[in-house]
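Following: one structure in structure tokens, then a few remarks.
Derivation of every value follows stated rules applied to the coordinates shown; laboratory data play no part. All figures in this text were calculated on a predicted structure; none of them were measured in a lab. In this analysis, Cβ positions are derived from the backbone assuming ideal geometry, glycine residues included, and neighbour counts consider all displayed protein chains.
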């Protein structure tokens, strides 16, 4: 195995860890697998991460933060609540064999056994819901949405999308992506008093 300098950037190591996790899954990823794929010694991996669980948790966080950066970009735009809701629904919905969704689904599963990962995944997951709450609340305030419970609506929309994403990613071809997308739009529209066509 070729060895890279001990000065290897942490970003490179995390990017490699994400790829190994996507290939092998959280449960089957070993620190030795990440070291080999990165071309570094296992000692260097342990220099950056005290345990395998610390490595897995940081890799999940690294991948999730890229998704959250896109989410925060939508939140910070000057668009109307309706425009932002449309963008959030497109951002949340899985596109193709989404590596992002594969990471999230596998991360949720591993969180049942790894408390550090559960803590991080919960924090990241709540960030998505907070964005929806914020957008729905703004829409209620400006009169474009009708919703008595923005927090509950955000949770229900998010849970619907999560559930459909799991079906699309795990049980490929059970439902079509178009049908799932239609249901996501329908669910969101009902929560905020819109016609589903308004969210196209």
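What percent do you get for the relative contact order of the range 116-200 when only Cα pairs under 8 Å and 6+ apart count?
In percent, rounded to a whole number, it is 26.
Using a 10 angstrom cutoff on alpha carbons, build the Gaussian network for the chain and name the most mobile of 154, 69, 93.
The residue with the greatest mean-square fluctuation here is 69.
What's the angle, to the nearest 10 degrees (0 to 90), between helix 115-141's Cα axis and the longest principal axis of the chain?
Approximately 20 degrees, to the nearest ten.
Mind checking the angle between helix 52-75 and the chain's longest principal axis? C-alpha axes, 0 to 90 degrees, to the nearest 10.
Helix 52-75 and the main axis of the chain meet at about 30 degrees.
Which whole-angstrom value gives the distance between the alpha carbon centres of the range 164-200 and the range 74-149?
When both Cα centres are located, 14 Å separates them.
Angle check, please: helix 81-92 long axis (alpha carbons) against the longest principal axis of the chain (alpha carbons), in degrees 0 to 90, nearest 10.
The answer is roughly 40 degrees.
With runs of 4+ DSSP H residues as the only contributors, calculate the mean residue ellipticity of the chain at 222 nm using -39,500 (n - 2.57) per run, divided by the residue total and rounded to the nearest 500.
-23500 deg cm²/dmol
Okay, which of the range 97-124 sit inside 14 Å, backbone N to the point 7 Å along the Cα-Cβ direction of residue 72?
124
Let me check against my output: what whole-number percent is the relative contact order of the chain, with C-alpha pairs under 8 Å and at least 6 apart?
Across the chain, relative contact order equals 19 percent.
Of all the C-alpha pairs in the range 6-109, what % are more than 22 Å from each other?
39 percent
Kindly provide the Kirkwood hydrodynamic radius of the chain in Å, to one decimal, from all pairs of distinct alpha carbon atoms.
Across the chain, the inverse of the average 1/r is 18.3 Å.
Computed FRET efficiency, Cβ-Cβ of residue 112 and residue 32, R0 30 Å: what is it to the nearest 0.05?
Using R0 = 30 Å, I get an efficiency of 0.80.
Want the number for residue 50 to residue 129: 0.36 nm per residue separation, take away the alpha-carbon distance, what's left?
Between residue 50 and residue 129, full extension yields 25.3 nm more.
What FRET efficiency comes out for residue 148 versus residue 195 if R0 is 25 angstrom and r is the Cβ-Cβ distance? Round to the nearest 0.05.
0.85
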